[in-house]
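A short write-up of the structure that comes next.
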DNA sequence: CGCCTATGTTGACACCCGTCGATACGGGTG
DNA sequence: CACCCGTATCGACGGGTGTCAACATAGGCG
């Protein structure tokens, strides 16, 4: 809490070459892998978070200002709450530039998700 | 409730050719699409459910008896509860054969998940 | 027919989660 | 410096969720 750094679940190592988990169809998941994958799916298991994530992901340049994506039908604190969840799950990163805060899709997130689903080629 | 048929969220139309939702990165998700995708992710957002699903998915023949997958560290009623959730989400189907009940991955589920992640080749 | 095994359902409990209003903080701008 | 705007945090509230023990149901078998 004293640090602004958030303790994140190791869902994704931002710079890692190896995806976080084996494909979901490749065999029985270990407890640890299941927990990592569950944390990621949990972060995407809310419609508001899903819309926020898709808005960031589909934004030109791969980043979006909070002010550009916050009209999702809930209050501003709630938007902030959901963005925090997505950050803590390792799906988004944020950066303050002057007055505004920009969110980006964390690198390798989509690749990691693909790996989970066994989508080679 | 009187019928054994469960009222399912329209996450996946089992026989549908068209996947349930547009790719997550293709643009801003509509409210309805976000809710469908969220329901699916929510079903996979629990480690126990994820392990059950992966055990069914990785089982030879694409189906597994409950008795073969229930040792995931929770009680039998809890296993049954999670399998029900996966059924209601449209991810698994079940079929009773004599004494045992077999679960299968619902057709097109993996394809639909792939579509969400925009994984064409 | 009565029992035994496999699976599902019920009810209770503790805990987590999404939401909001109020408030705090950070940083331009006049 | 004082104000205002954009964003984050706090505290509270209502509803949802995972878990279990107890019980119910279904089907095979003696």
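How far, in nm to one decimal, is residue A:111 from itself in the other copies if the label point is set 7 angstrom along Cα toward Cβ? Shortest first, please.
2.8
Determine the relative contact order of region A:31-116: mean sequence separation of Cα pairs under 8 Å and six or more apart, normalised by residue count, in whole percent. It would help to have the intermediate numbers written out before the result.
Working: 79 pairs, mean separation 25.4, N = 86.
RCO, region A:31-116: 30 percent.
Sort out for me the Cα centre separation of region A:55-83 from region B:62-76, rounded to whole Å.
Each part reduced to its Cα centre gives a spacing of 40 Å.
What number, in percent, do you get for the relative contact order of region B:72-117 if the mean sequence gap of Cα pairs under 8 Å and at least 6 apart is divided by its residue count? Please report the intermediate quantities before stating the final value.
Details: 24 pairs, mean separation 10.3, N = 46.
Reported as a whole number, the value is 22 percent.
Per-residue Cβ counts within 10 Å, from other chains only, averaged over B:36-48: what number is that? Can you show the working numbers first?
Values: counts 2, 6, 8, 2, 3, 10, 6, 2, 10, 10, 6, 12, 3.
The shielding value for this peptide is 6.
Using a 7 Å offset from Cα along the direction of the beta-carbon, what are the separations from residue B:28 to the same position in each other copy, nm, ascending?
Relative to the other copies, residue B:28 has label-point distances of 4.6 nm.
If you average 1/r across every pair of different Cα atoms in region A:16-121 and take the reciprocal, what Kirkwood value do you get, in Å?
On the way: mean 1/r = 0.0682 Å⁻¹.
Hydrodynamic radius (Kirkwood, Cα pairs) of region A:16-121 is 14.7 Å.
Could you please rank B:86, B:50, A:117, placing first whichever residue has the fewest other Cβ atoms within 10 Å of its Cβ? Kindly include the intermediate steps, with their values, before the conclusion.
Numbers: B:86 23, B:50 26, A:117 16.
If I rank by nearby Cβ atoms, fewest first, I get A:117, B:86, B:50.
List the distances, in nm and shortest first, from the label point of residue B:97 to the matching label points in every other copy, placing each point 7 Å from Cα along the Cα-to-Cβ direction.
In ascending order, 5.9 nm.
Computed from the coordinates by the stated procedures, all read-outs in this text should not be read as laboratory data. Quick caveat, the model's predicted, so the values are computed rather than measured. Neighbour counts run over all protein chains shown; Cβ positions are idealised from the backbone, glycine included.
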